[in-house]
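To keep things clear, I will list the structure first and then write my remarks on it.
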């Protein structure tokens with residue numbers, strides 16, 4: 001057996017030596033600059049024409065609290081409608097039936113292609129087109145009575161959301177391997193059962209991050225319903241400042257509430273993601 | 001007189017210009033273990049998929065247990081069956097895929113119980129007991145609550161076999177069940193299949209494992225370019241092939 005060859009000279013043993021801390025000069029410098037800018041902004045606002053006492057007084061005013069409740073009720077209901085429509089339309093879009101496919105594509109085209117505020121105004125003013133609505137011979141009512149601000153906002157926001165959600169859902173379903181459909185078919189499942197039991201639960205994992213995005217968008221989009229007299233947060237804040245002229249103070253109140261709600265939603269989304277990540281190896285967070 | 005469990009008559013299947021199957025006819029008898037061999041693109045996988053109706057045939061007919069698959073003859077014409085009827089026919093066959101296709105969001109046990117509970121609508125405690133027994137049979141009692149991602153390829157494929165068996169099929173179709181496995185995991189899957197063959201199950205196995213074919217198969221069918229070239233006892237086809245194409249294939253594989 002050959003002896004171990006001797007190691008060459010000039011390459012010292014570095015084990016046991018520590019790695020020195022880097023000074024990170026640029027981090028310190030940038031932090032200092034940002035602090036200065038923030039301080040300047042804070043000072044400007046403190047000296048500006050803002051009566052902060054109004055902000056704190058109206059932050060928990062009854063009308064504002066009612067507004068945030070209405071905002072959340074509308075956001076949740078409209079999102080639920082949007083997700084329901086989104087799933088149905090995505091399934092239609094992926095079906096082999098050309099009629100269903102075309103109808104689904106047409107729906108997405110129409111409601112994504114026009115501004116949301118215009119759709120809200122159209123729903124609210126539906127009575128101008130159809131003074132009475134109903135099912136001939138069974139039931140009818142004056143459209144003005146039926147199309148309340150609540151219903152108009154729900155239909156406007158929900159149907160618009162459905163058009164966007166359908167594309168998110170379709171992407172999720174397409175992300176599931178074709179072998180999963182085949183395995184489901186091989187144990188005798190029909191198309192719809194395979195979608196419900198096998199494909200959609202796997203698609204959910206993929207669609208929750210974009211849906212969380214959409215829901216945050218929805219919370220803020222409800223403010224558009226102020227133009228059709230739905231008493232949500234912004235609408236109520238506006239009503240107060242029409243009376244007391246504290247415009248900026250009340251806009252800040254509304255802004256703080258929107259920020260708070262969105263901040264609460266983010267950890268909720270994480271919980272949901274974990275629920276649907278069953279069986280997958282977690283990616284590093 | 002016994003009848004074949006599967007009767008395939010003049011079946012053709014095209015993918016666009018490509019003829020995957022050209023007038024294939026074949027009988028599979030109850031209790032028979034048949035291995036289908038051949039190069040990729042020879043049509044052996046397509047033949048299995050046609051029997052399981054994952055692919056619809058373009059011509060000819062396949063009868064399973066005496067029943068014509070996928071279509072109904074009426075007034076001199078063939079009418080396609082509804083999705084529901086095709087689903088009912090599929091229950092007579094169990095399919096094992098090359099890439100396992102376990103449901104990743106369900107545990108091993110839930111994968112096995114999904115079909116009996118959801119499709120057959122059977123009682124849950126009875127199904128659960130049967131599923132645990134099937135998992136024991138494939139040697140995975142300890143892994144009932146594991147998710148597919150926590151199992152090795154060989155273990156996943158054994159769960160997939162248990163999932164197919166849970167539907168109590170008359171015929172088991174294996175589509176290259178060991179091709180996606182690391183070499184050291186092939187044996188455990190083949191062992192489960194051998195045990196299944198011994199129990200009398202009718203099996204059609206698309207495989208490159210000639211050792212398995214030699215040991216277990218009652219009949220070996222060699223396919224090339226969408227047609228059956230040669231078939232017979234495993235020792236004959238693999239040992240003393242008559243056709244030049246079979247000889248060339250075997251010498252390339254071994």
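Counting residues in segment A:86-106 that are surrounded by 14 or more Cβ atoms within 10 Å (Cβ to Cβ), under 22 Å from residue A:241 (Cβ atoms) and touching a helix residue (DSSP H, G or I) at 6+ places or on another chain (Cβ under 7 Å) gives zero. Based on this model, can you work out whether residue A:189 counts as touching a helix residue (DSSP H, G or I) at 6+ places or on another chain (Cβ under 9 Å) and without any contact (Cβ under 8 Å) to a residue 12 or more places away in the chain? When the stated conditions are applied, residue A:189 passes them. With a requirement of 1 or more residues that are touching a strand residue (DSSP E or B) at 6+ places or on another chain (Cβ under 8 Å), the helices (runs of 4 or more DSSP H) lying completely within segment A:148-222 that satisfy it span A:178-186. Residues that are within 25 Å of residue B:231 (Cα to Cα) number at least 2 in the following strands (runs of 3 or more DSSP E) confined to segment B:35-135: B:59-64, B:93-96. Among the residues of segment B:181-195, are any over 28 Å from residue B:7 (Cβ atoms) and within 13 Å of chain A (Cβ to nearest Cβ)? No; the residues of segment B:181-195 include none that is over 28 Å from residue B:7 (Cβ atoms) and within 13 Å of chain A (Cβ to nearest Cβ).
Filtering B:97, B:174 for residues that are modelled with pLDDT of 95 or more, at the interface with chain A (Cβ under 9 Å from one of its Cβ atoms) and touching a strand residue (DSSP E or B) at 6+ places or on another chain (Cβ under 7 Å) leaves a single hit, B:97. Of all the listed residues (B:163, B:158), the sole one being away from chain A (no Cβ under 12 Å), touching a residue at least 12 places away in the same chain (Cβ under 8 Å), at negative phi and crowded, with 21+ Cβ neighbours inside 10 Å is B:158. As a summary of the residue check, residue B:118 satisfies the conditions (1) away from chain A (no Cβ under 14 Å); (2) farther than 23 Å from residue B:190 by Cβ; (3) buried (at least 18 other Cβ atoms within 10 Å of the Cβ) except for the one numbered (1). Can you confirm whether segment A:124-139 contains a residue that is part of a loop (DSSP other than H, G, I, E, B), at pLDDT 95 or above and exposed (fewer than 12 other Cβ atoms within 10 Å of the Cβ)? No, segment A:124-139 contains no residue that is part of a loop (DSSP other than H, G, I, E, B), at pLDDT 95 or above and exposed (fewer than 12 other Cβ atoms within 10 Å of the Cβ).
The values are calculated or read from the model by the stated rules, or taken from the named source; none is laboratory data. Being a predicted model, the structure only gives us computed values, none of them experimental. Heads up, the Cβs are rebuilt from the backbone with ideal geometry, glycines too, and the neighbour counts pull from every protein chain shown.
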